[in-house]
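For reference, the structure is listed below as structure tokens.
Derivation of every value follows stated rules applied to the coordinates shown; laboratory data play no part. Here the structure is a predicted model, which means the values were calculated and not measured. Don't worry about glycine lacking a Cβ; one is built from the backbone with ideal geometry, like all the others, and counts go over all protein chains shown.
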Amino acid sequence: MMFYINCLVITVICVIILDIVKAWEGISSYISYIITKGKSKKSFELKPFSCSTCSQFWCNLLYMIFSNNFTILNLGYITLLTFLTPVIYELLVRLYDILIKIINFKK
């Protein structure tokens, strides 16, 4: 049971870091700026790290392998979480909006 909760937490963390905070865009534009010596700030894509769908799949797969939980059922669960990444993103954005409205309502 703990494995499933940990995989869900990994997915939520990947969605927050890559989709909501958009950390990869800042990192990749900085790397591009360094590589081109200041001529371009255009961000580039490095597929395992640039989108939350790919990133959470590979992080969860590595977690599954290193925790000795590699089964077809667990792989299916990780694949389901991969499929649900956009839904999790929308839920987090809606939760954020609700919290902002609650905070502003008290003022």
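Taking the residues in the range 16-66 that are within 14 Å of the chain's Cα centre (by Cα) and among the β-branched types (V, I, T) as candidates, determine which candidate is surrounded by the fewest Cβ atoms within 10 Å (Cβ to Cβ). Ranking the candidates gives V21 first.
Are any residues in the range 68-92 outside any helix (DSSP H, G or I) and within 13 Å of F3 (Cβ to Cβ), and if so, which ones? Steps first, please.
Restricting attention to the range 68-92, the residues satisfying the condition of being outside any helix (DSSP H, G or I) are 68-71, 84.
Scanning the range 68-92 gives N68, N69, F70, T71.
For N104, the conditions (1) over 18 Å from I17 (Cα atoms); (2) of a type outside the set (K, R); (3) in contact with a Phe, Trp or Tyr (Cβ under 7 Å, 6 or more places away or on another chain) are fulfilled apart from (3).
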